Amino acid sequence: MEEEAMKALRGLGVLFTISLLVFPTSAAPYWVKPGVYIEYIAQRYDPYIETQISHGTKLESVTTASILYFRNGTEYWVDSYNDTLIKFKILGESGEYFVVGVIIELKNVTIKFSLHNGTSAPAFWESTDMLSTSKRVSADGEVSVKVKLRSLRIFGEYRIRKRDGMVFGIDGRPYGHTFLWINPNETPKGNDTFVVLPTLNWTMKVERVSAMDKPKKTYYGEFGPPTAILSLMGPPLVIKGRLEFTTQTPGGICYDPATGMVLSPTTLSILISPDLAAIGIPFASFMDERVAYDQMVKGNPMWAGLLPLYDTNAEFQRVEEVPFSKAKTPWKYAFWGSLVLLGSIMTAKGWRKSK
């Protein structure tokens, strides 16, 4: 099941009205201001890779990141086999919005995409990073392209509305609530809409918020107690020819309720985030292999998630303990539960064919 889940993770308009987006009206946390950056990381870890291979997983299925990237009308699958770093930076303010820049840095990368015979797609990678390119032409004239790179950078920019944390693309489309912070003064409520994919007519809602009475570990440091898990759930997600969830689509965020800082924007390996959707990434999976190894092999429940906080220059103030009710589900089962959920995913035939 693990191998199928890993394959499925790689296998991945109409505007919604604002009335569909149900957010509490509250300002951003005090530390959110121009110049603040937040970094998350998914690192390669050889003991994890060796463990996966010993269980029968193919090496090409073990990635730190698998990203579905829409750019200029072309769909790209981007796989990273070494460290992946995501950096968000608040570049400035524009009226009622924060302007946010994103840089995703990936190492040891494979990009796959398809073209009609006789057409081309502009490269968004540096030619000096290119290791190889291969093409395959099918009977119907479709050209499958595979590019291997030493490294790759993906850039993007979007806006977050100050009063409620709602994310907007540069074109003005709403994508849901930012995954960078949860306001410490107002806990999200069950059934609140939290993620929107406008072109797919798809939403993900809050299922519950649970508190943990132990600290959570990130590369930046430990937070809590308490810490909190925001559990999300959406209907089956289908991106034709790329991705198909046969059951409900899960999501999860670990955050510090004292400051509102998101410690990991995904407690599972799945990440469907408004902040990434706004720059053309409706679906991604991230796997910090050291965290996964600690959770799966050593049974360590301390990590915040599979894309943990790596660094930030946010200035946190000392705060009093935040009261929270105890979690309904023990955190130590979260990772194993994610494997069960991922086991219900199957890739579409088009993705299998492109492999």
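The values are calculated or read from the model by the stated rules, or taken from the named source; none is laboratory data. Quick caveat: nothing in here was measured; it's all calculated off a predicted structure. Cβ coordinates were reconstructed from backbone atoms using ideal geometry, including for glycine residues, and neighbour counts include every protein chain displayed. What goes into the accessible areas is simple: the full protein's heavy atoms, side chains included, and nothing from ligands, DNA or RNA. Shrake-Rupley method; radii C 1.70, N 1.55, O 1.52, S 1.80 Å.
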Discussion item. Looking only at the range 192-213, filter to residues that are in contact with a helix residue (DSSP H, G or I) (Cβ under 9 Å, 6 or more places away or on another chain) and among the hydroxyl-bearing types (Ser, Thr, Tyr); which one of those is most open to solvent (accessible area, probe 1.4 Å)?
Written reply: Thr203
Worksheet entry | Any hit, the range 248-266, residues being over 24 Å from Pro184 (Cβ atoms) and of a type in the set (Val, Ile, Thr) | yes
Worksheet item: Among Tyr97, Tyr69, which is of a type in the set (Phe, Trp, Tyr) and within 18 Å of the chain's Cα centre (by Cα)?
Response: Tyr69
Worksheet, complete the sentence: Flagged pairs (Cβ under 7 angstrom, 6 or more apart or on separate chains; first in the range 184-201, within 18 Å of Ala28 (Cβ to Cβ); second open to solvent by less than 20 Å² (accessible area, probe 1.4 Å) and among the hydroxyl-bearing types (Ser, Thr, Tyr)) are Pro184/Thr259
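Look at Ser134 and say whether it is assigned to a strand (DSSP E or B), in contact with a helix residue (DSSP H, G or I) (Cβ under 9 Å, 6 or more places away or on another chain) and either crowded, with 16+ Cβ neighbours inside 10 Å or of a type in the set (Gly, Ala, Ser) (or both). If you could, list the steps in order and put the result at the bottom.
Values: assigned to a strand (DSSP E or B): yes; in contact with a helix residue (DSSP H, G or I) (Cβ under 9 Å, 6 or more places away or on another chain): no; either crowded, with 16+ Cβ neighbours inside 10 Å or of a type in the set (Gly, Ala, Ser) (or both): yes.
Spelling it out, it is not the case that Ser134 is assigned to a strand (DSSP E or B), in contact with a helix residue (DSSP H, G or I) (Cβ under 9 Å, 6 or more places away or on another chain) and either crowded, with 16+ Cβ neighbours inside 10 Å or of a type in the set (Gly, Ala, Ser) (or both).
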Response to the item:
Scanning the range 217-261 residue by residue, the ones that are part of a loop (DSSP other than H, G, I, E, B) and either over 18 Å from Asp192 (Cα atoms) or not small (Gly, Ala, Ser) (or both) total 20
Item to complete: Could you grab the pairs with beta carbons closer than 9 Å, sequence gap of 6+ or different chains, first residue in the range 121-141 and farther than 13 Å from Ile111 by Cα and hydroxyl-bearing (Ser, Thr, Tyr), second one at pLDDT 95 or above and surrounded by 12 or more Cβ atoms within 10 Å (Cβ to Cβ)?
Response: Thr128/Arg150
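How many residues does the range 275-286 contain that are over 15 Å from Thr249 (Cα atoms) and not in a strand (DSSP E or B)?
Final tally of qualifying residues: 7.
Taking the residues in the range 199-219 that are of a type outside the set (S, T, N, Q) and under 17 Å from the mean Cα position of the chain (by Cα) as candidates, determine which candidate is nearest to Pro274 (Cα to Cα). Break it down into steps so the answer makes sense when it comes.
Going residue by residue through the range 199-219, those that are of a type outside the set (S, T, N, Q) are 200, 202, 204-209, 211-217, 219.
In the following step, the residues that additionally are under 17 Å from the mean Cα position of the chain (by Cα) were identified as 202, 204-206.
Values: Trp202: 12, Met204: 10, Lys205: 12, Val206: 14 Å.
So the residue we want is Met204.
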Worksheet entry | Failed criterion for Leu307 (all others in (1) over 20 Å from Gln52 (Cα atoms); (2) touching a Leu at 6+ places or on another chain (Cβ under 7 Å); (3) part of a loop (DSSP other than H, G, I, E, B) hold) | (1)
Worksheet item: Taking Arg163 and the conditions (1) in contact with a strand residue (DSSP E or B) (Cβ under 9 Å, 6 or more places away or on another chain); (2) surrounded by fewer than 18 Cβ atoms within 10 Å (Cβ to Cβ); (3) under 25 Å from Ile229 (Cα atoms), which numbered condition does it fall short on, given that it satisfies the others?
Response: (1)
Worksheet item: So which residues in the range 183-198 are at pLDDT 90 or above and either over 15 Å from Pro235 (Cα atoms) or of a type in the set (Ser, Thr, Tyr) (or both)?
Response: Asn183, Thr193
